[in-house]
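Here's the structure, in structure tokens; my notes come after.
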Amino acid sequence: MPEDVLICPLCGSGRSQFFDRREFRGQVVTNRLCQECGLVYQSPRMTEAESAAFYAEEYRLLYEGSSDPTARNVTVQRARAESLFTFARPVVEKVARHLDIGCSLGILLQRFTETYHCQPAGIEPGGAHRTHARKEGLAVYAALEELEKAGEARFDLVTMSHVLEHLADPVGYLSHLRESILAPDGWLLLEVPNLYAHDSFEVAHLYAFSPHILREVLCRSGFEIIKFEKHGRPNSAIFPLFLTALCRPAVQLDLQPVRPERGAALKRCIGMFRRRILARIFPQRAWLVRE
Ligand SMILES: [Zn+2]
């Protein structure tokens, strides 16, 4: 049975209000807004055990119509990998060891290896995709704990493309990465859907991050943001569907309380309204690849 989230996973407040409810592929998805910090999170949501079973078996079937890799999925992953690579390349000079969390078929790992000649490793909970990536000769683990047990050395680049919004405890997870997985002078590159432009409310998305809240999450996890962008690549030339951040471990932890987001509901309304208007004015540029 799904469980309610009683305490805000970012600021710890117990005060929340209804934000959104909709049906997503046969399941009712409810999101709440923290009245203290403005984080939007799914509640009720899957328990940890339900979530593990979901990612091992159902997730790809529900999202892509097949547990096996699809051609469409490969095309989207290639385009996303190119976009992330292009974003990081001007800033990241060298990479010796690259870990991609949620690596799927390993396409992002291969794109970075091509240029940086780094040693790749991945984490992928989906069985069919993991097997496929392993066949490509990649070291792919089912979970982070498995990688840690294998005694892998630290990585100087960790990427998470469309992963953070699926995790139960983003700040706890990112803090752990910084403390135990990432090299002290390493890079974290991540991308999530933007609450103010992307539909966002899917059953697997436990969070919907606004640009400000994503910055706060990274900051509370001990990261300094070096580069940040709102963009639509590869799906749209005009909608800021995604948020991409390139970060390094901060020299000093920011222990200030979370700086709250204000007016999240209104900003969401304006963002989605703007999207509808722009889609009418520039139909060709609106959707290059439909999600
Ligand atoms: Zn909060």
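Listing for the model above:
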| read-out | value |
| --- | --- |
| Count - residues of the range 1-22 that are more than 12 Å from the ligand (Cβ to nearest atom) and at pLDDT 95 or above | 6 |
| Search result, residues across the range 200-227 that are in contact with a Lys or Arg (Cβ under 9 Å, 6 or more places away or on another chain), of a type outside the set (Ser, Thr, Tyr), outside any strand (DSSP E or B) and closer than 25 Å to Gly126 by Cβ | Phe201, Glu202, Val203, Leu206 |
| Lone unmet requirement of (1) surrounded by 20 or more Cβ atoms within 10 Å (Cβ to Cβ); (2) under 25 Å from Arg274 (Cα atoms) for Asp199 | (1) |
| Subset of the range 29-60 [at pLDDT 95 or above and more than 16 Å from the ligand (Cβ to nearest atom)] | Val29, Thr30, Pro44 |
| Leu147 being in a helix (DSSP H, G or I) and among the hydrophobic types (A, V, I, L, M, F, W, C) | yes |
| Subset of the range 1-48 [without any contact (Cβ under 8 Å) to a residue 60 or more places away in the chain, surrounded by 14 or more Cβ atoms within 10 Å (Cβ to Cβ) and of a type in the set (Gly, Ala, Ser)] | Ser13, Ser16, Ser43 |
| Qualifying residues in the range 221-258 (those that are out of contact with any Asp or Glu (no Cβ under 6 Å at 6 or more places or on another chain) and charged (D, E, K, R)) - the one nearest to the ligand (Cβ to nearest atom) | Asp254 |
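The values are calculated or read from the model by the stated rules, or taken from the named source; none is laboratory data. This is a predicted model, so every value here is computed, not measured. Backbone-built Cβ (ideal geometry, glycine too); neighbour counts: all protein chains shown.
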